[in-house]
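> My questions will all concern the structure given below.
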Amino acid sequence: GVDIQKKLTELNLQHPESPPLEMSMGINSGEAIAGCLGNDRRMDYTVLGDTINVASRLEGQAGAGQIFIGPETHKSVKEQVQCKKIGQLELKGKDKKIESFEVIYS
């Protein structure tokens, strides 16, 4: 996620005449189902599950250039990247609030 955000910044600096490219990200860790879904006429590879839904909701809460991560992802990366605790976010479709963090990069 950090590498992608940095590459976007680099591309924007290389093309100052163009509107800037901006992206928000939501990253979550956990179990998911992955595979091909569809029929004989159209088949797509996709991922499904609550883990994916939470990542999507985190992305929806993040602003341009921000990377929001869930608690399991934070446990996995907290020694490698600097994170700021956002707190408990209320996410659509979830009964309980989710402890969330923002990845800090420069």
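The values are calculated or read from the model by the stated rules, or taken from the named source; none is laboratory data. These figures come from a predicted structure and were not determined experimentally. Backbone-built Cβ (ideal geometry, glycine too); neighbour counts: all protein chains shown. For accessibility, only protein heavy atoms count, side chains too; no ligands or nucleic acids. Shrake-Rupley method; radii C 1.70, N 1.55, O 1.52, S 1.80 Å.
> In the chain, which GluC sites (Glu not before Pro) are in a loop and have at most 13 other Cβ atoms within 10 Å, using DSSP for the loop call? Show your work: numbers first, answer last.
Values: sites: Glu10, Glu17, Glu22, Glu31, Glu59, Glu72, Glu79, Glu90, Glu99, Glu102; in loops: Glu17, Glu22, Glu31, Glu79, Glu90.
Loop-located and lightly packed - Glu17, Glu22, Glu31, Glu79, Glu90.
> So between Asp44 and Glu72, what do we pick up on full extension, going 0.36 nm a residue minus the alpha carbon distance? Present the calculation step by step, with values, prior to reporting the outcome.
On the way: separation 28, 0.36 × 28 = 10.08 nm, distance 2.76 nm.
Difference between extended and current length: 7.3 nm.
> So which trypsin sites (Lys or Arg not before Pro) in the stretch 1-71 are both in a DSSP loop and have at most 13 other Cβ atoms within 10 Å of their Cβ? Before the final figure, lay out the partial values.
Numbers: sites: Lys6, Lys7, Arg41, Arg42, Arg57; in loops: Arg41, Arg42.
Listed in order of number, the matching sites are Arg41, Arg42.
> Follow-up. Tell me, what is the percent relative contact order of the chain, built from C-alpha pairs under 8 Å that lie six or more residues apart? It would help to have the intermediate numbers written out before the result.
Values: 170 pairs, mean separation 25.9, N = 106.
Relative contact order for the chain comes out at 24 percent.
> Next question, about the same structure. Can you pull the percent of the chain's accessible area that's carbon plus sulfur, 1.4 Å probe, other chains left in place? Walk me through the numbers on the way to the answer.
Numbers: 3780 of 7620 Å².
Using a 1.4 Å probe with all protein chains present, the chain comes out at 50 percent carbon and sulfur.
> A further question follows. Could you pull out every one of the lysines with an alpha carbon less than 18 Å from that of Lys7, ignoring same-chain neighbours closer than 8 positions?
none
> Aspartates and glutamates near Lys94 by alpha-carbon distance under 19 Å, same-chain residues fewer than 8 away left out - which ones?
Glu31, Asp50, Glu59, Glu72
> If you don't mind, another one. To make sure I understand the rule: partners must be lysines, Cα under 20 Å from the Cα of Lys96, and not fewer than 8 residues away in the same chain. Which ones qualify?
Lys75, Lys85
> How big, on average over all directions, is the shadow cast by the Cα convex hull of the chain, in nm²? Let's see the in-between values first.
On the way: hull surface 35.9 nm².
Averaging across all directions leaves 9.0 nm² for the Cα convex hull.
> Now for a different question. Above 17 angstrom, tally the Cα pairs of the stretch 58-106 and express them as a % of all pairs, no decimals. Show your work: numbers first, answer last.
Values: 361 of 1176 pairs.
Tail of the P(r) past 17 Å holds 31 percent of the pairs.
> If you don't mind, there's one more thing I want to ask. I want to make sure I understand the PRE zone here: with the label point 7 angstrom from the Cα of Leu13 toward its beta carbon, which residues in the stretch 34-70 have backbone N atoms less than 18 Å away?
Under cut-off, by backbone N: 65-66.
> What does the convex hull of the alpha-carbon atoms of the stretch 38-78 project to on average, in nm²? Spell out each step's value before the answer.
On the way: hull surface 17.4 nm².
For the Cα atoms of the stretch 38-78, the hull's average projected area reads 4.4 nm².
> Just the number please: accessible area per residue for the chain, 1.4 Å probe, all protein chains included, in Å².
Values: 7620 Å² over 106 residues.
Here the residues of the chain average 72 Å² of exposed surface.
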